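These notes concern the structure reproduced below.
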Amino acid sequence: MGTSTPRTYAAAPVVPRDVVLRASRGDRDAQEVLFREYTAPLSRFASRLLPPYVRGMTDTQDVVQDVLASTARRLGCIDCEEDGALFAYLRRAVRHRVVDEIRRATRRPPMDELHENCPSPGLSPLDAAIEAQNDRRIRTALCQLSARDHQAALLRLRHRLSYEEIGERLGSPTANAARVAVRRAAPSSAWRAF
């Protein structure tokens, strides 16, 4: 049967009793002195309680500062008459907050590490915005064309047909006539997005 070492807890920092009582009555200077004394031992306590997988998501200093801030608002309601009572209260509050952080961490899905050599498969937000803006410009420009010019522009710019192929589809006498028709239909810079 193995012997286990007893748990040792850090002794409460020695804070004069009158400072604790003044702090509980709302004296801001006394609260500042009190919490300054308690911050380091509570941080060590929180650090021992937080598992490594939670430390990456939660800072022990944040846990302690949150507990101290919420305690400062309720300090008048906490029984601080006995020596070490406030420190014991703060330790319990830190323990509860750590348990909450552990629960929160276990509810989060695991995060995949992002690699620089693995780009996103889709467009970047900027490229998507530019593409949407170009599409709006093109649709606006196409709506202003006659049916024949509209067809000439789409055949060249979207379907990438040669002028000869466009001439055949439009019934133009030559490839040069088809080129002129496309130029007439698409003179603006809006077509450059095609």
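I'd like to check something: does the stretch 18-28 contain any residue that is charged (D, E, K, R), at pLDDT 80 or above and under 26 Å from the mean Cα position of the chain (by Cα)? Among the residues of the stretch 18-28, not one is charged (D, E, K, R), at pLDDT 80 or above and under 26 Å from the mean Cα position of the chain (by Cα), which makes the answer no. For the stretch 54-72, the condition of being touching a Phe, Trp or Tyr at 6+ places or on another chain (Cβ under 8 Å) and among the small types (G, A, S) holds for at least one residue. Put simply, of L155, L123 the only residue that is surrounded by 10 or more Cβ atoms within 10 Å (Cβ to Cβ), hydrophobic (A, V, I, L, M, F, W, C), assigned to a loop (DSSP other than H, G, I, E, B) and modelled with pLDDT of 80 or more is L123.
The values are calculated or read from the model by the stated rules, or taken from the named source; none is laboratory data. From a predicted model like this one, the values you see are computed outputs, not experimental measurements. Here Cβ is always computed from backbone atoms with ideal geometry, including for glycine, and neighbour counts include all displayed protein chains.
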